[in-house]
Amino acid sequence: MGKEHRGGRRWRRLWPAAVLSGVAVLAASCSNAASSGSVAAAAPGVHAHTIDVGALASESGLITAGFGDIVDGVRAYFDWVDAHGGVDGRRIVLADVGNDQSNPTTDTEVARTLVEQDHVFAIVGVGTAFFSAASYLASTGTPTFGYVVSNVWSKAPNLFGTYGSVIDYSTNGSTIAWVAHQLGVRSAAVVGYGGVAESSGACEADAQQLPRFGISVPVQDETFTLGGDPDAIVAEMARDHVGLLVSCLDGADSLSFAKAMQAYGLGAAWSLWQNGYSRSVVAANPTATDHVIFQLENVPFEAGTLDPKQYPGMVTYLREMNRYEPAWTYHDTAFQGWVNAAQFVAGLRAVGHGRLTQRALVDAINKETDFTAGGLIPPVNWTEAHTVDAPPYCSSFVVAENGHIAPMAALEGPHHELLVCFDASSDQPVTPPPGTPGT
């Protein structure tokens with residue numbers, strides 16, 4: 001299905017497809033938590049006219065799908081910034097890209113090489129399932145930016161996840177319930193992978209929360225296997241007249257469910273995929289993907305062409321990605337790399353003409369209360385985003401229809417915002433935070 005993947009929200013870092021089997025096998029090797037560490041005061045990699053940074057990604061090995069794309073988004077953003085003079089007269093140079101080969105031990109070794117031998121100022125673009133290097137990078141104070149798939153990113157002041165550094169599975173039930181009510185649905189099936197906490201934990205929390213908002217869950221399975229047969233579960237859905245499938249699976253298995261739903265006469269039922277956005281998959285499966293809704297954490301790509309005046313940040317992203325890294329424009333991990341690079345540059349600009357050190361950069365970012373990557377994501381408040389996932393929780397939704405993807409009017413906010421926000425206790429939208437794109 002190619003390398004186009006979309007994630008969920010900061011409470012739900014879903015994964016590129018090949019991660020799932022590898023996580024089940026290798027998760028025990030991962031570091032459990034990042035230490036609070038000390039933030040270094042040095043300025044390695046800072047020169048008169050350049051700043052050298054590194055990236056760390058799984059570009060080979062067991063779990064490559066999608067993670068290496070983060071580097072392409074980082075590179076595109078830096079190329080754009082450098083084409084306009086850099087930051088305070090310095091170009092940003094992506095000097096070293098470390099490949100952890102999908103190995104937790106190698107992940108830490110590569111991070112050590114970037115810091116101790118290559119002397120990079122920051123690591124911008126971490127794309128890996130394991131991020132065993134989190135504790136090491138926290139202890140060195142190296143400013144680090146990347147894709148969050150577990151809570152090892154939390155509680156360290158120098159580790160900056162794309163949408164915040166904390167994952168909280170307990171916050172999405174109100175959002176899903178609102179979607180169900182908007183669609184006129186009163187029952188849902190919830191399916192996740194067994195042995196993969198990022199999937200089973202997320203969907204188990206959804207299933208527990210939905211009845212609080214009047215949505216019954218007659219079918220629930222958090223033991224599905226990667227590449228498994230969905231027929232038995234879909235047969236239960238048909239028997240119980242379920243109107244909505246909530247999928248915590250990867251895109252390929254969600255597609256298998258969509259095809260099975262067609263075969264069992266559930267073509268009018270809806271599917272909410274929290275992972276698996278792919279234009280190519282939708283185009284190749286127009287019938288099966290009708291009634292598929294993708295839940296996103298950011299302004300959808302489609303907003304850049306459908307409503308450019310309201311979402312100029314997405315216009316900029318599409319234009320510059322198409323200029324510098326056009327093969328990766330519509331890939332979620334590349335998008336997150338762009339956001340990571342934007343966060344790094346925002347920190348540099350906040351330091352301004354003062355003495356640039358790693359400590360100064362980290363301190364500047366941690367004073368920021370409304371980072372949106374230039375209008376692409378809901379505001380991140382870094383005064384708290386290392387330790388809590390605070391409400392409101394904002395999502396956008398796009399729907400597949402006739403082989404194409406577009407925002408769904410029924411799932412827009414009260415004032416037609418594409419990002420709709422909730423707290424965890426009510427299925428009624430709340431006012432988006434100031435600065436939310438589209439408001």
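The values are calculated or read from the model by the stated rules, or taken from the named source; none is laboratory data. The structure displayed is predicted, hence computed values, not measured ones. Virtual Cβ from ideal backbone geometry, glycine too; neighbours counted across all protein chains shown. Each accessible area value is taken on the protein alone, full model and side chains, heavy atoms only, with ligands, DNA and RNA left out. Shrake-Rupley method; radii C 1.70, N 1.55, O 1.52, S 1.80 Å.
Listed here are the residues, each with its yes/no results for (1) crowded, with 24+ Cβ neighbours inside 10 Å; (2) of a type outside the set (A, V, I, L, M, F, W, C); (3) under 19 Å from the mean Cα position of the chain (by Cα).
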residue: Ala260; (1), (2), (3): no, no, no
residue: Trp270; (1), (2), (3): no, no, no
residue: Ser280; (1), (2), (3): no, yes, no
residue: Ala283; (1), (2), (3): no, no, no
residue: Thr287; (1), (2), (3): no, yes, no
residue: His291; (1), (2), (3): no, yes, no
residue: Phe294; (1), (2), (3): yes, no, yes
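Elements of the type helices (runs of 4 or more DSSP H) sitting completely within segment 102-212 and holding at least 3 residues that are open to solvent by less than 10 Å² (accessible area, probe 1.4 Å) and farther than 29 Å from Ala360 by Cα: these cover 173-183, 197-209. Residues in segment 325-352 that are of a type in the set (Asp, Glu) and part of a helix (DSSP H, G or I): Asp332 only. If you go through segment 323-337 one residue at a time, do you hit one that is touching a His at 6+ places or on another chain (Cβ under 6 Å) and either aliphatic (A, V, I, L, M) or buried (at least 21 other Cβ atoms within 10 Å of the Cβ) (or both)? Yes, because at least one residue in segment 323-337 is touching a His at 6+ places or on another chain (Cβ under 6 Å) and either aliphatic (A, V, I, L, M) or buried (at least 21 other Cβ atoms within 10 Å of the Cβ) (or both).
Residues in segment 226-252 that are part of a loop (DSSP other than H, G, I, E, B), open to solvent by 60 Å² or more (accessible area, probe 1.4 Å) and at pLDDT 95 or above: 2 in all. Residue pairs whose Cβ atoms lie under 6 Å apart, separated by 6 or more positions or on different chains, with the first residue in segment 266-293 and under 13 Å from Ala406 (Cα atoms) and modelled with pLDDT of 95 or more and the second open to solvent by 10 Å² or more (accessible area, probe 1.4 Å) and of a type in the set (A, V, I, L, M), are Val282/Ile405. For Thr106, the conditions (1) in contact with a helix residue (DSSP H, G or I) (Cβ under 6 Å, 6 or more places away or on another chain); (2) at pLDDT below 95 are fulfilled apart from (1).
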